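What follows is one structure encoded as structure tokens, with my remarks underneath.
The values are calculated or read from the model by the stated rules, or taken from the named source; none is laboratory data. Source: prediction; values computed, not measured. Cβ sites come from the backbone with ideal geometry, for glycine too, and all protein chains shown count toward neighbours. We work out accessible area using only protein heavy atoms, side chains counted, and drop any ligands, DNA or RNA first. Shrake-Rupley method; radii C 1.70, N 1.55, O 1.52, S 1.80 Å.
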Amino acid sequence: YLLEQNIDLLIVSPNESKPLTPIVEQVFNAGIPVIVIDREIESDAYTCYIGADNYQIGREAGEYAAMILNGKGKVAEIWGLMGSSPAIERHRGFVESIGKYPGLQIVFQGHGKWNFDDARMVMRDALDSIPEFDLVYAHNDVMALGAREVLNENGYHGNIRFLGIDALPGSEGGIQKVIDNKLNATLLYPTGGEGAIQMAIRIFEGQDVPKNYILQTVLIDSSNAKLIKLQTDHVQSLQEKIQAQTDVLEEQIIEFNYQ
């Protein structure tokens, strides 16, 4: 459909890697620049990929798990959507990282499909199949919180650690949940929307762009969560002021044109 609109550039975020690979290749091979954002395809037929290094995020999650458990313990892992590149890479990095610690093992894996309710079902399955574990490693904060809710309902209070990914701002985001002691830690997952627009402009202007533009992550726990929240709140406040000024300007332009 988009090809029929004679588009000049395509920005695409594949929900799953494999299904969209052929059509993205078709667009790219037709001479249309393609920016793949957030999630990868199973091909290098794109102009620029923008996203976090999910493998490195998984590795850092593994190092944190080893640190907080002193290199020994049992982990329940809640994947995202089966077939999505972030889930595959976050698992691979985590497994390779904890491979250095023989006493640290993944004793349960389930697919929470990136959402709260499915994560709750996965955690119920975990409780039915394994007697105990020490840490829940979820591929995003929402699933970690869903797992925590189920464990709280079943009398697990304070003796299990929770590690998520995303670190979104706001009252329901992962940063606040770390401050509220609902999560032990979360890893920042930058989305790169601004970067996609910048790369699109560079492409239109005929400038060179990198094949892969990797965004950096940071682990957020009780040691830095409040500081990072102050920073994100400040940015959000500035954004709200900019939007308010834009609204006023648009009203003035409308009034001027009417006059």
What is the residue count in region 171-184 for residues that are in contact (Cβ under 8 Å) with a residue 40 or more places away in the chain and among the small types (Gly, Ala, Ser)?
-> 1
Cross-chain or 6+ apart pairs with Cβ under 8 Å, region 89-109 first and closer than 17 Å to residue 134 by Cβ, then in a loop (DSSP other than H, G, I, E, B) and open to solvent by less than 40 Å² (accessible area, probe 1.4 Å) | 101/71; 103/71; 104/69; 104/71; 107/130; 107/133; 108/130; 108/133
Tell me, yes or no, whether region 42-49 has at least one residue that is under 17 Å from residue 184 (Cα atoms) and either among the hydroxyl-bearing types (Ser, Thr, Tyr) or in contact with a Phe, Trp or Tyr (Cβ under 8 Å, 6 or more places away or on another chain) (or both).
-> no
Inside region 199-234, the number of residues satisfying the requirement of being assigned to a helix (DSSP H, G or I) and either modelled with pLDDT under 95 or under 19 Å from residue 178 (Cβ atoms) (or both) is 10
Consider residue 110 carefully, then state whether it is open to solvent by 20 Å² or more (accessible area, probe 1.4 Å) and touching a helix residue (DSSP H, G or I) at 6+ places or on another chain (Cβ under 8 Å).
-> no
First in region 150-169 and under 18 Å from residue 78 (Cα atoms) and assigned to a strand (DSSP E or B), second anywhere and aromatic (Phe, Trp, Tyr) and at pLDDT 95 or above, Cβ under 8 Å, 6 or more apart = 163/64; 163/137
Looking at 189, 137, which one is under 26 Å from residue 224 (Cα atoms) and either open to solvent by less than 10 Å² (accessible area, probe 1.4 Å) or among the polar types (S, T, N, Q) (or both)?
-> 137
Inside region 201-247, the number of residues satisfying the requirement of being more than 26 Å from the chain's Cα centre (by Cα) and of a type in the set (D, E, K, R) is 4
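Does residue 237 satisfy the condition of being of a type in the set (Gly, Ala, Ser), part of a helix (DSSP H, G or I) and surrounded by 10 or more Cβ atoms within 10 Å (Cβ to Cβ)?
yes
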Can you name every residue in region 200-217 that is surrounded by 13 or more Cβ atoms within 10 Å (Cβ to Cβ) and out of contact with any helix residue (DSSP H, G or I) (no Cβ under 8 Å at 6 or more places or on another chain)?
-> 200, 202, 203, 212, 214
Pick out, from region 1-79, the strands (runs of 3 or more DSSP E) lying fully within it that include 1 or more residues that are touching a helix residue (DSSP H, G or I) at 6+ places or on another chain (Cβ under 8 Å), open to solvent by 30 Å² or more (accessible area, probe 1.4 Å) and modelled with pLDDT of 95 or more.
-> 10-12, 73-79
The correct count of residues that are over 12 Å from the mean Cα position of the chain (by Cα), assigned to a loop (DSSP other than H, G, I, E, B) and of a type in the set (Ser, Thr, Tyr) in region 80-103 is 1
Subset tally (residues that are open to solvent by less than 60 Å² (accessible area, probe 1.4 Å) and over 21 Å from residue 87 (Cβ atoms)) for region 218-228 | 4
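Does region 106-129 contain any residue that is assigned to a loop (DSSP other than H, G, I, E, B) and within 14 Å of residue 73 (Cα to Cα)? Walk me through it before giving the result.
Quick first cut of region 106-129, residues assigned to a loop (DSSP other than H, G, I, E, B) only: 112-115.
The next check asks that each one be within 14 Å of residue 73 (Cα to Cα); those that pass are none.
No, that holds for no residue.
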